[in-house]
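Structure record follows, encoded as structure tokens.
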Amino acid sequence: MQMMKKQRVVIAGGGTAGWMTAAALGKLMGKQLDVTLVESDEIGTVGVGEATIPTLHLYHRLLNINEADMMAATNATFKLGIMFENWRDVGKDYLHSFGFLGKDCWACGFQHFWLKGREMGLASEIGDYCAEHLAAREGRFAALAGQDQNHAYHFDASLYAKFLRGIAETHGVKRIEGKIAEVQQHVYEQQHVNGQQHPQNGFIKALLLESGQLLEGDLFIDCTGFRGLLIEQTLMTGYDDWTHWLPCDSAVAVQTVSTGTPVPYTRSISHPAGWQWRIPLQSRVGNGLVYCSKYLSDMDAKTLLKANVQGEMLTEPRLIKFRTGTRRKHWNKNCIAIGLSSGFLEPLESTSIHLIQRSIIRLLQMMPAGEVIQADVDEFNQQTKIEMENIRDFIILHYKVTERSDSAFWRHCAAMEIPPSLAHRIEMFGEAGKVYKFAQELFGESSWIQVMLGQGLKPKQHHPIVDLMPQSELAQFLANIKTNVARQVQAWPPHYDFVQHYCKSRMM
Ligand SMILES: Cc1cc2nc3c(=O)[nH]c(=O)nc-3n(C[C@H](O)[C@H](O)[C@H](O)COP(=O)(O)OP(=O)(O)OC[C@H]3O[C@@H](n4cnc5c(N)ncnc54)[C@H](O)[C@@H]3O)c2cc1C
């Protein structure tokens with residue numbers, strides 16, 4: 001039997017995107033692929049990206065990663081959602097948890113029963129009907145054996161990349177330390193059949209390192225971060241700018257020592273020109289101020305962040321500039337952009353690592369056996385586009401639907417035009433409490449409901465089917481769910497006790 005030649009895959013960049021890709025390709029297709037990763041210690045990584053969402057379980061399952069082991073290696077804590085403080089208005093907070101709300105019926109979601117219950121004075125806060133929500137507020141956690149776990153992690157991004165590097169190298173991925181000086185492309189001067197250009201004209205041929213080493217490949221994965229060295233600087237793929245919808249363009253990040261036990265949620269605290277994150281790890285806290293530079297100078301942002309962190313600073317505040325938007329094509333010729341090179345929405349809902357994982361899985365599914373197939377490329381790009389637009393709309397929602405009017409930034413957000421797809425969702429919920437999710441979309445009904453209600457959007461009416469339920473039955477229905485949730489959560493230990501027992505950090 002003739003042996004197939006191994007495809008040569010070159011990954012440019014060793015941040016979270018590069019090592020997540022390398023670990024997956026090495027572990028799952030290492031026998032068929034020859035994978036090399038090049039990274040530059042001199043350039044370094046973006047150094048942020050420490051909050052995740054529950055979809056990361058899928059990636060970990062594929063790679064057979066043991067949760068406790070990964071968490072101990074990365075100083076990780078559990079995350080059950082995000083607490084949005086001052087987002088609806090100053091002094092008004094709400095939680096977007098990863099859990100499902102109450103119980104749906106065949107015709108309508110739980111929110112309709114809850115809305116009627118609120119009207120009649122029979123229902124309490126929506127979060128009382130969701131275990132993850134209540135547990136986050138009470139600082140409790142337990143791994144739910146045998147159930148789909150709606151939890152994610154806060155971890156140290158550089159330790160996570162190191163952990164994945166171990167897996168990748170065990171499965172044969174070669175790592176080269178060095179700076180890429182030049183990206184070389186195929187140039188075919190002769191015309192192909194029927195006067196057409198050669199189909200691989202302009203495809204990437206090799207990366208030339210400053211050391212003089214040449215890395216030739218069949219497929220190139222651009223994980224070089226915001227620079228997009230291959231996808232943009234070489235292939236000039238183009239970028240759709242979304243700053244008119246997502247105007248924050250800067251962040252300052254700093255790490256501090258922990259001053260209390262870590263809570264099982266990310267804190268997102270809005271301020272007059274953006275918002276601030278607090279991500280509690282086992283031994284330290286990640287902090288950052290995200291802002292729009294039209295409304296806050298870099299200098300003032302640093303001062304504001306320093307004034308608002310708790311605990312001694314472990315690093316110097318670091319400035320990061322970005323432009324929200326998406327690459328026009330995520331796969332162009334024989335180059336696939338994964339991570340920040342493919343676009344950036346902003347970190348509000350911790351979706352970047354999720355998008356990295358989705359691109360990796362999609363790439364695995366569409367991996368060419370030989371030459372690149374254009375139909376695969378088009379499908380990859382179409383699916384990525386749909387996913388990014390859904391996440392984009394969900395993030396814009398937080399800025400658009402707000403009662404804050406205390407600063408020019410928030411007044412701008414409340415008045416800005418939004419994509420028609422989001423306007424439609426807001427209208428459907430505002431008019432009659434309805435939400436929906438298409439197959440490829442990330443955010444489910446419970447997410448839309450929590451954020452829409454949390455931001456202050458109140459439906460004018462509920463689904464008529466709820467009115468068929470007698471009031472006493474509705475009261476009983478709501479009370480049963482609430483009691484069960486409370487009973488379940490009371491049985492869970494305090495989050496930090498669980499962490500100490502289950503996955504104590506190797507850093508401590
Ligand atoms: C302010 C902020 C907060 C964020 N918070 C979150 C969050 O909470 N959750 C989340 O999911 N995501 C978050 N993200 C996104 C997250 O940080 C990234 O998705 C993730 O870190 C992946 O980055 P990357 O690997 O694409 O790029 P980088 O980390 O920038 O890595 C780029 C790599 O390319 C290499 N490189 C570049 N040029 C060359 C060259 N010429 N030669 C050789 N090597 C080169 C670098 O050395 C590096 O190894 C955040 C992003 C920002 C900006």
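The values are calculated or read from the model by the stated rules, or taken from the named source; none is laboratory data. The model shown is predicted, which means the values in this text are computed figures rather than measured ones. Counting neighbours? That spans all protein chains shown, and the Cβs are built from the backbone with ideal geometry, glycine included. In case anyone asks, the SASA skips ligands and DNA or RNA and just uses the protein heavy atoms, side chains included. Shrake-Rupley method; radii C 1.70, N 1.55, O 1.52, S 1.80 Å.
Quick notes on this structure:
- Yes/no for Gly18 being closer than 30 Å to Lys321 by Cα, within 13 Å of the ligand (Cβ to nearest atom), at pLDDT 95 or above and in a loop (DSSP other than H, G, I, E, B): no
- Here Val263 does not fit the description of being of a type outside the set (D, E, K, R), outside any helix (DSSP H, G or I), closer than 30 Å to Leu134 by Cα and touching a Ser or Thr at 6+ places or on another chain (Cβ under 7 Å).
- First in segment 196-225 and surrounded by fewer than 23 Cβ atoms within 10 Å (Cβ to Cβ), second anywhere and of a type in the set (Lys, Arg), Cβ under 7 Å, 6 or more apart: Gly202/Lys333; Phe203/Lys333; Leu209/Lys179; Glu210/Lys179; Glu216/Arg8; Glu216/Lys205; Gly217/Arg8; Asp218/Arg8
- Candidate set: segment 89-123, residues that are in a strand (DSSP E or B) and more than 22 Å from the chain's Cα centre (by Cα); chosen: the one nearest to Ala414 (Cα to Cα): Asp89
- Residue in segment 17-29 that is open to solvent by less than 30 Å² (accessible area, probe 1.4 Å), under 30 Å from Ser407 (Cα atoms), within 16 Å of the chain's Cα centre (by Cα) and of a type in the set (Val, Ile, Thr) present: no
Results for (1) touching a residue at least 12 places away in the same chain (Cβ under 8 Å); (2) touching a strand residue (DSSP E or B) at 6+ places or on another chain (Cβ under 8 Å), shown as yes or no for each residue.
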| residue | (1), (2) |
| --- | --- |
| Lys5 | no, no |
| Ile11 | yes, yes |
| Ala17 | yes, no |
| Leu25 | yes, yes |
| Leu28 | yes, no |
| Leu33 | yes, yes |
| Thr36 | yes, yes |
| Ser40 | yes, yes |
| Ala51 | yes, yes |
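- Screening Met71 on (1) near the ligand (Cβ under 9 Å from one of its atoms); (2) crowded, with 18+ Cβ neighbours inside 10 Å; (3) closer than 24 Å to Met507 by Cα shows it passes everything except condition (1).
- Top-ranked residue of segment 36-51 - restricted to ones that are more than 6 Å from the ligand (Cβ to nearest atom) and touching a Ser or Thr at 6+ places or on another chain (Cβ under 9 Å), ranked as nearest to Glu177 (Cα to Cα): Leu37
- Some residue of segment 383-400 being buried (at least 19 other Cβ atoms within 10 Å of the Cβ), on the phi > 0 side of the Ramachandran plot, within 16 Å of the ligand (Cβ to nearest atom) and of a type in the set (S, T, N, Q): no
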